[in-house]
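For reference, the structure discussed in these notes is given below.
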Amino acid sequence: FCGTALTATQWVKQGPRYTAEGYDLDPVPLDWGRRHHIAELGRGAERLTLVQADVRQPSRVRPEMRCAQNFSYSVFHSRAELMEYFHAVHADLSDDGIFMLDLWGGLGATDPVRERRRIARGVTYVWHQESYRPVTGAIRCHIHFYFDDG
């Protein structure tokens, strides 16, 4: 779920006592994160490890904190899969570890929407929430980036 490892990079930037491991199945955002976020850490990059693997795999070092942000854990479409994930997280944590889960929801969270936002000069970000199925909780979302230069 670490994507481009921005959160892990910010964590490690706090100082030499801070380390992070990030897990993601997709090599594309991991590689992008190495080039654009982790590279800026210089020697501090040694304290951040990215692993292309399922988040249910045990960490290399038992973490004091594990994070699941936004609605990343929504990839688990059945209660059994979600419980397997929660059990894996619990077993992986250090004895006094904590699991930080960012919940998604609220009014309008399930409504179809396209939100456009200018995020940088020449770049527009569009959050496109296409559909939601209340019986299963399945949602289809897209992120689009439009560049003024095409």
Beta bridges by DSSP in the chain, antiparallel share as percent, to the nearest 5: 65
statement: Rounded to the nearest 10 Å², the 1.4 Å probe accessible area of W11 is 100
Förster radius 30 Å - calculated FRET efficiency between A91 and C141 (Cβ-Cβ, nearest 0.05): 0.50
field: From phi via Karplus (6.51, -1.76, 1.60), per-residue ³J(HN,Hα) for the range 78-94 in Hz, x at Gly/Pro
entry: 10, 4, 4, 5, 5, 5, 4, 4, 4, 5, 4, 4, 4, 5, 7, 5, 5
Per DSSP, loop trypsin sites (Lys or Arg not before Pro) in the range 69-150 with at most 15 further Cβ within 10 Å: R121
- prompt: Excluding ligands and nucleic acids, what accessible area in Å² is computed for I98 using a 1.4 Å probe, to the nearest 10?
  reply: 100
- line: Counting Lys and Arg as +1 and Asp and Glu as -1 over every other residue whose Cβ sits under 15 Å from the Cβ of G33, the net charge comes to -1
statement: Any residue on another chain or 5+ positions along whose placed amide H is under 5 Å from the amide H of L50 is listed here as G22
- prompt: Roughly what percent of Cα-Cα pairs across the range 17-100 reach past 21 Å?
  reply: 34
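Compute the orientation-averaged projected area for the chain from the convex hull of its Cα atoms and round it to one decimal in nm².
With the hull built on Cα positions only, its mean projection is 10.8 nm².
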- line: The answer for the range 35-131, accessible area per residue at 1.4 Å probe in Å², is 70
Stretchable slack from E84 to R35, in nm (0.36 nm times residue separation minus alpha-carbon distance): 14.4 nm
- prompt: Carbon and sulfur: what percent of the range 82-150's accessible surface (1.4 Å probe)?
  reply: 54
message: From the protein chains alone at 1.4 Å, what is the descending order of accessible area for L93, L82, L6, largest first?
response: L6, L82, L93
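The values are calculated or read from the model by the stated rules, or taken from the named source; none is laboratory data. The structure presented is a predicted model; accordingly, all values stated were derived computationally and were not measured. Cβ: placed from backbone, ideal geometry, glycine included. Neighbour counts: every protein chain shown. Side chains included, ligands, DNA and RNA excluded: accessible areas come from the protein's heavy atoms. Shrake-Rupley method; radii C 1.70, N 1.55, O 1.52, S 1.80 Å.
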